[in-house]
Amino acid sequence: MQRTQVAIIGAGPAGLLLGQLLHRQGIDTVVLEKHSRGYVEARIRAGLLEQGTVDLLHEAGVAERLEREKLVHAGLELAFAGRLLRVDLQELAGEVVTIYGQTELQKDLGDARAASGAATVYEAGQVTIHDFDSSRPRVGWTQDGVRRELECDFIAGCDGFHGVCRASVPAGAIRQHERVYPFGWLGLLADVPPLADELVYANHERGFALCSMRSRSRSRYYLQCTPTDRVEEWSDARFWEELARRLPPERVRGLVTGPSLEKSIAPLRSFVVEPLRFGRLFLAGDAAHIVPPTGAKGLNLAAADVRLLSRALIEYYSDNSGALLEEYSARALRRVWQATRFSWWFTTLMHRLDEDPFSHKLQLAELDWLAGSRAGRVALAENYVGLPFD
């Protein structure tokens, strides 16, 4: 049987970032991932980072390429009723946000993990976790047809919404809170210049639209769609035509279209579990919570979890203290619920909720209020750039 100090389940950004932070403090880890490294790095995900997340990547020693290639945004635009409202994040909240594709961040973290020599097992089949309510947790998996086992001090469940870690917790020990939204996002990735220098969020009677980017030459666009829509029903031409309908004329003039590199549909939900600690098992990232992507909080919440958990584990091994481990769940959940509230609010503000004109009029009234209220814009900006970690 192998042994390590911390077994990390999941080699997404949360798992690899946790492993990197612990490795730099001399803590031994093994990362187990059911997919191949190539599969994990090819997944198309978000790319907006709060400053706190950028700072944590510097602390982990994986921000060199990010600093060379990042885009810095000091504001965002809200389009509604034929108007454009710019929200100046830097002026209102004193912070900016960074655009750097999660796909690129995943590669950076994978390279750092490989360079460290720390153990990573990709394509680990039939992962199971055992005895996490005892002082000697174990993790089992199958590799090359052979069943293997790992003994550890702690298990970090960073294996996402469909992972084994949360599913292994007895039903009576965990509470789940969920809201499923009656729409999804149809996303298109293309090698075309971005529509604008900053993100554009559009509230339109035909539905929500978002104009985002991954670099100065690669753009990511989203349209609100129905839960029954299928990607095959959306040709590139149909997507671009519909996007243009949902944008104000002054922004449509800057729209450059091109062939899609990728199209996909993602359902939207808010999901939080409580608590996040079960004996020596700790949940982090999407294993613990999901937010609709409207507020760009998913990856940033995962980083916030990892920051708290890494500090707690470092304290345990350096000072023989479990104080921060005891506090992890409550401290993480406080920020999770604040971000969940903001993501819910921003989602319900910007999306077409139903066919009722009354609801749409209320949205437009609130957007008009934001345009005239500095206090309202400050609240939006403070949440968008990211609330304090502590």
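The values are calculated or read from the model by the stated rules, or taken from the named source; none is laboratory data. Just so you know, these numbers come straight off a predicted model, no measurement behind them. Methodologically, a virtual Cβ is constructed for each residue, glycine included, from the backbone with ideal geometry; neighbour enumeration extends over all protein chains shown.
Please go through the stretch 314-327 and pick out each residue that is over 17 Å from ASP390 (Cα atoms) and not hydroxyl-bearing (Ser, Thr, Tyr). Please lay out each step first, then the result.
Keep residues of the stretch 314-327 that are over 17 Å from ASP390 (Cα atoms), which gives 314, 316-322.
Answer for the stretch 314-327, where residues must be over 17 Å from ASP390 (Cα atoms) and not hydroxyl-bearing (Ser, Thr, Tyr): ILE314, ASP319, ASN320, GLY322.
Just for the stretch 224-256: of the residues that are part of a loop (DSSP other than H, G, I, E, B) and β-branched (Val, Ile, Thr), which one is nearest to the chain's Cα centre (by Cα)? Filtering the stretch 224-256 for residues that are part of a loop (DSSP other than H, G, I, E, B) and β-branched (Val, Ile, Thr), the one nearest to the chain's Cα centre (by Cα) comes out as THR226. Counted as qualifying within the stretch 1-105 are the strands (runs of 3 or more DSSP E) with 3 or more residues that are in contact (Cβ under 8 Å) with a residue 40 or more places away in the chain, over 19 Å from ASP286 (Cβ atoms) and within 16 Å of the chain's Cα centre (by Cα), namely 97-99.
From the list ARG334, ARG307, the lone residue that is part of a helix (DSSP H, G or I), assigned by TED's automatic domain parsing to the domain that holds ILE44 and free of Cβ contacts under 8 Å to residues at least 24 places away in the same chain is ARG334.
Take the residues in the stretch 245-263 that are in contact (Cβ under 8 Å) with a residue 60 or more places away in the chain and of a type in the set (A, V, I, L, M), then tell me which one is surrounded by the most Cβ atoms within 10 Å (Cβ to Cβ). My answer is LEU247. Every listed requirement among (1) crowded, with 21+ Cβ neighbours inside 10 Å; (2) out of contact with any strand residue (DSSP E or B) (no Cβ under 6 Å at 6 or more places or on another chain); (3) part of a loop (DSSP other than H, G, I, E, B) is met by ASP133 save one, (1).
Look through SER321, SER329, SER359 and report the one residue that is over 18 Å from the mean Cα position of the chain (by Cα), among the polar types (S, T, N, Q), exposed (fewer than 15 other Cβ atoms within 10 Å of the Cβ) and part of a helix (DSSP H, G or I).
Values: SER321 fails: part of a helix (DSSP H, G or I); SER329 fails: exposed (fewer than 15 other Cβ atoms within 10 Å of the Cβ).
The match here is SER359.
If I go through the stretch 332-354 residue by residue, how many of them are of a type in the set (Lys, Arg) and crowded, with 16+ Cβ neighbours inside 10 Å? Steps first, please.
Restricting attention to the stretch 332-354, the residues satisfying the condition of being of a type in the set (Lys, Arg) are 334-335, 341, 352.
Then drop every residue that is not crowded, with 16+ Cβ neighbours inside 10 Å, which leaves 335, 352.
Counting residues in the stretch 332-354 that are of a type in the set (Lys, Arg) and crowded, with 16+ Cβ neighbours inside 10 Å gives 2.
Filtering the stretch 304-318 to residues that are surrounded by 19 or more Cβ atoms within 10 Å (Cβ to Cβ) and either within 18 Å of THR29 (Cα to Cα) or in contact with a His (Cβ under 8 Å, 6 or more places away or on another chain) (or both) leaves ASP305, VAL306, ARG307, LEU308, LEU309, SER310, ALA312, LEU313, TYR316.
Looking at ALA112, ALA124, ALA118, ALA156, which one is of a type in the set (A, V, I, L, M, F, W, C), in contact with a Cys (Cβ under 9 Å, 6 or more places away or on another chain) and in the same structural domain as TYR317 (by TED's automatic domain parsing)?
On the way: ALA112 fails: in contact with a Cys (Cβ under 9 Å, 6 or more places away or on another chain); ALA124 fails: in contact with a Cys (Cβ under 9 Å, 6 or more places away or on another chain); ALA118 fails: in contact with a Cys (Cβ under 9 Å, 6 or more places away or on another chain).
The conditions single out ALA156.
When the stretch 1-44 is filtered for residues that are farther than 21 Å from LEU299 by Cα and charged (D, E, K, R), the ones remaining, listed by number, are ARG3, ARG24, ASP28. Taken together, the residues in the stretch 72-99 that are surrounded by 18 or more Cβ atoms within 10 Å (Cβ to Cβ) and either hydroxyl-bearing (Ser, Thr, Tyr) or within 30 Å of LEU22 (Cβ to Cβ) (or both) amount to 3.
When the residues of the stretch 264-302 are filtered to those that are aromatic (Phe, Trp, Tyr) and closer than 15 Å to LEU325 by Cα, the one that is surrounded by the most Cβ atoms within 10 Å (Cβ to Cβ) is PHE282. Residues that are polar (S, T, N, Q), surrounded by 15 or more Cβ atoms within 10 Å (Cβ to Cβ) and more than 15 Å from the chain's Cα centre (by Cα): does the stretch 368-376 have at least one? No: zero hits.
Does ALA302 fit the bill of being on the phi > 0 side of the Ramachandran plot and assigned by TED's automatic domain parsing to the domain that holds LEU333?
No; evaluated as a whole, the condition is false for this residue.
For LEU195, state whether it is part of a loop (DSSP other than H, G, I, E, B), in the same structural domain as ASP236 (by TED's automatic domain parsing) and either over 22 Å from THR340 (Cα atoms) or touching a strand residue (DSSP E or B) at 6+ places or on another chain (Cβ under 9 Å) (or both).
Numbers: part of a loop (DSSP other than H, G, I, E, B): yes; in the same structural domain as ASP236 (by TED's automatic domain parsing): yes; either over 22 Å from THR340 (Cα atoms) or touching a strand residue (DSSP E or B) at 6+ places or on another chain (Cβ under 9 Å) (or both): yes.
Yes.
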